[in-house]
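Have a look at the structure below before the remarks.
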């Protein structure tokens with residue numbers, strides 16, 4: 001059996017089944033959707049066991065060089081609390097684990113978000129408008145006006161009326177222009193993915209049909 | 001005696017003459033051999049020190065290379081510690097620093113650098129020793145500590161004000177007023193509400209914000225008697241969503257209407273999840289779809305499918321690259337921070353409102369900072385004293 005051709009045919013059939021959704025929901029799409037969801041769920045279970053549980057927890061508790069590290073029982077207990085959701089009587093224990101995840105996530109993100117999304121942006125905006133040529137001055141002006149008016153748009157303590165409203169309108173207009181540019185850029189990237197898929201169908205899959213029918217190749 | 005003296009002088013002069021003759025005119029082969037025998041240069045001034053302001057387990061090594069002699073092929077870092085003497089790394093010639101991150105805190109380690117040439121150790125530096133240790137304070141982030149403490153102080157002030165009954169004004173956020181309408185529409189049409197909390201886990205701040213809004217949507221669906229579907233991409237998000245929805249149903253006195261099976265885990269895979277949610281959309285035909293949380297490339301796939309089934313769609317994300325798709329395909333879009341403000345706006349809880357007011361205060365501070373900074377830097381080009389003001393402000397917001 002030629003495994004390469006089998007792989008190409010499977011890829012092509014699955015691709016065509018998925019694209020059939022563009023017409024309407026149908027049994028082919030349903031089959032591939034369930035296949036995709038089921039396979040990926042199974043894949044991620046194994047992935048998490050192999051790449052998260054074993055190296056990050058089990059091997060820390062029982063190091064390969066021998067011994068036992070008792071501190072790693074704590075995350076194991078939190079994991080059991082999550083599984084305790086199965087039984088209604090013990091389900092509330094999972095709140096401890098969930099609280100830990102949410103609290104640690106929020107705390108850790110607070111510092112990095114504040115650093116990258118606030119301080120670094122402010123630092124990058126404090127510069128001279130008078131440097132460079134006319135175009136450079138214009139670009140700098142758009143940047144500073146865009147940042148300040150954008151911040152005014154996201155200022156929630158004041159109604160968008162009067163001067164605040166007009167400044168916020170400038171901010172949202174600049175944001176929309178930026179979104180438009182981003183939209184076009186991303187669509188180009190998506191089209192290249194589509195082209196890649198069509199290339200697979202036309203250049204890899206189609207030529208195998210005459211070969212299978214014994215018409216050459 | 002006189003003859004002996006004359007003989008000694010003759011011998012001395014003969015020896016000096018031979019030496020002078022050798023120095024003055026050496027054979028060519030002798031010169032070549034001398035150049036080949038130049039000594040391989042060694043590392044000097046080796047210093048070993050504990051890496052400052054870190055969590056320990058690290059030693060910094062710095063050294064210089066001698067200037068006279070032939071270059072080695074490579075350098076070796078030798079460490080002597082409790083495990084004995086070992087070569088811990090080989091570095092390219094010309095390297096003058098190395099950080100050893102395989103040490104234990106509180107143990108003394110000795111280091112020396114050897115120069116390799118032709119596969120053999122040709123020279124060695126002197127020995128330097130250090131004891132790695134952990135430090136409690138990282139001074140590079142003291143600025144951030146101060147700013148965050150001030151922000152926390154302002155937030156606590158607003159929270160306390162809210163608790164004491166002071167009205168905390170928040171402007172209307174377009175799209176949020178439509179939440180109730182969307183749920184009402186679904187009830188009238190007898191169709192479910194679909195809530196998609198993004199594809200990230202519970203450690204993501206957008207997912208956390210999404211869960212707060214889910215609580216509000218759950219209360220409304222329980223109140224109106226609509227069905228609420230929440231497919232999730234992460235198992236932990238599913239558990240949290242179940243808790244949040246259950247809480248919402250209990251709050252409006254409809255715990256019997258809560259159906260755990262409506263909050264499902266599909267798969268961790270991004271596009272597997274997108275395919276699954278698309279299937280739910282076309283089969284269940286929800287009248288209202290909420291896409292609130294962190295989204296990546298699947299955003300347009302979901303939003304377009306939602307649009308094709310005729311649902312009213314309210315989306316919100318802080319992912320700049322995905323907002324354009326939601327703006328194009330959804331009826332209402334919460335842009336960036338509006339997603340975080342939405343939870344406060346909807347819940348009207350003093351804690352969330354106080355937090356939002358505190359963030360507004362920080363934004364106002366930064367706006368003033370930017371305006372003063374830009375004006376100072378621009379005028380500073382012509383009048384130098386103001387330049388230092390801009391530099392000071394830049395330093396103020398610099399965090400290592």
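Each reported figure results from applying straightforward, stated rules to the coordinates on display, with no laboratory input. Predicted, not measured: the structure shown is a model, and the values here were computed from it. Backbone-built Cβ (ideal geometry, glycine too); neighbour counts: all protein chains shown.
The figures follow:
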{"item": "Using alpha-carbon coordinates, inclination of helix B:2-24 to the longest axis of chain B, degrees", "result": "30"}
{"item": "Exercise: per-residue mean of other protein chain Cβ atoms within 10 Å, A:30-40", "result": "5"}
{"item": "Where only C-alpha atoms are counted, convex hull volume of the stretch B:250-400 per residue in Å³", "result": "180"}
{"item": "Inter-label distance, nm, simple model (7 Å from Cα along the C-beta direction), residue B:270/residue A:9", "result": "3.2"}
{"item": "Förster radius 41 Å - calculated FRET efficiency between residue A:61 and residue B:247 (Cβ-Cβ, nearest 0.05)", "result": "0.75"}
{"item": "Relative contact order (%) - criterion: Cα under 8 Å, at least six apart; region: the stretch A:129-197", "result": "25"}
{"item": "Top of B:129, B:182, B:209 by mean-square fluctuation, Gaussian network on chain B, Cα under 10 Å", "result": "B:129"}
{"item": "Three-way shape call for the stretch A:129-197 based on the alpha-carbon gyration tensor, with the a/c threshold at 1.5", "result": "oblate"}
{"item": "Gain upon complete extension [residue A:2, residue A:170; 0.36 nm per residue less C-alpha separation]", "result": "54.3 nm"}
{"item": "Taking chain B and dividing mean pair separation by its residue count, relative contact order in percent (alpha carbons under 8 Å, at least six apart)", "result": "13"}
{"item": "Computed E for residue A:213/residue A:50 - FRET, C-beta separation, R0 35 angstrom, nearest 0.05", "result": "0.25"}
{"item": "Ranked list, fewest to most other Cβ atoms within 10 Å of each Cβ, for B:181, B:331", "result": "B:181, B:331"}
{"item": "Neighbouring partner chain Cβ atoms per residue of B:206-219, average, 10 Å criterion", "result": "1"}
{"item": "Listed peptides B:355-361, A:181-187, A:169-175 by packing density, highest first (mean Cβ within 10 Å)", "result": "B:355-361, A:169-175, A:181-187"}
{"item": "Per-peptide average of other Cβ atoms within 10 Å, ordering A:147-159, A:47-59, B:57-69 highest first", "result": "A:147-159, B:57-69, A:47-59"}
{"item": "The stretch B:158-212-the stretch B:264-311 distance, computed between alpha-carbon centres (Å)", "result": "19"}
{"item": "Rounded to 5, the percent of DSSP beta bridges in chain B classed as antiparallel", "result": "60"}
{"item": "Overall dimensions of chain B as given by Cα atoms, namely Rg and Dmax in Å", "result": "36.9, 139"}
{"item": "Number of partner chain Cβ atoms within 10 Å, mean per residue of B:356-365", "result": "3"}
{"item": "Highest to lowest packing among B:130-137, B:215-222, B:83-90, B:186-193, scored as the average C-beta count within 10 Å", "result": "B:215-222, B:186-193, B:130-137, B:83-90"}
{"item": "Gyration tensor verdict on the stretch B:43-130 (Cα atoms; rounded if a/c is under 1.5, prolate if a/b is larger than b/c, oblate otherwise)", "result": "prolate"}
{"item": "Interatomic Cα distance distribution for the protein assembly as shown, bins of 20 angstrom, percent", "result": "14, 34, 32, 13, 4, 3, 0"}
{"item": "Computed FRET value (nearest 0.05) for residue B:39 with residue B:104, which takes r as the C-beta separation and R₀ as 45 Å", "result": "0.80"}
{"item": "Within the stretch B:322-363: backbone nitrogen closer than 17 Å to the residue B:180 label point (7 Å, Cα to C-beta)", "result": "B:342-349"}
{"item": "0 to 90° range, to nearest 10: angle between helix B:142-163 axis and chain B longest Cα axis", "result": "20"}
{"item": "Global form of the stretch B:168-348, assessed from the alpha-carbon gyration tensor, a/c cut-off 1.5", "result": "rounded"}
{"item": "Length-normalised contact order of the stretch B:43-130 in % [C-alpha pairs under 8 Å, at least 6 apart]", "result": "35"}
{"item": "Neighbour-count ranking [beta-carbon atoms within 10 angstrom, fewest first] of B:379, B:312", "result": "B:379, B:312"}
{"item": "Isotropically averaged projected area of chain A, using the convex hull of Cα atoms (one quarter of hull area), nm²", "result": "25.8"}
{"item": "Fewest-first ranking of A:21, A:198, B:290, A:28, using other Cβ atoms within 10 Å as the exposure measure", "result": "A:198, A:28, A:21, B:290"}
{"item": "Theoretical ellipticity at 222 nm over chain B - DSSP helices of four or more residues, -39500 (n - 2.57) apiece, nearest 500", "result": "-15500 deg cm²/dmol"}
{"item": "Net lengthening on full extension, residue A:135/residue A:192 (0.36 nm per residue, minus Cα-Cα)", "result": "17.3 nm"}
{"item": "Tilt relative to chain B, helix B:299-308 - C-alpha long axis, 0 to 90 degrees, to 10", "result": "20"}
{"item": "For the stretch B:138-253, alpha-carbon Rg over 2.2 N^0.38 Å", "result": "1.36"}
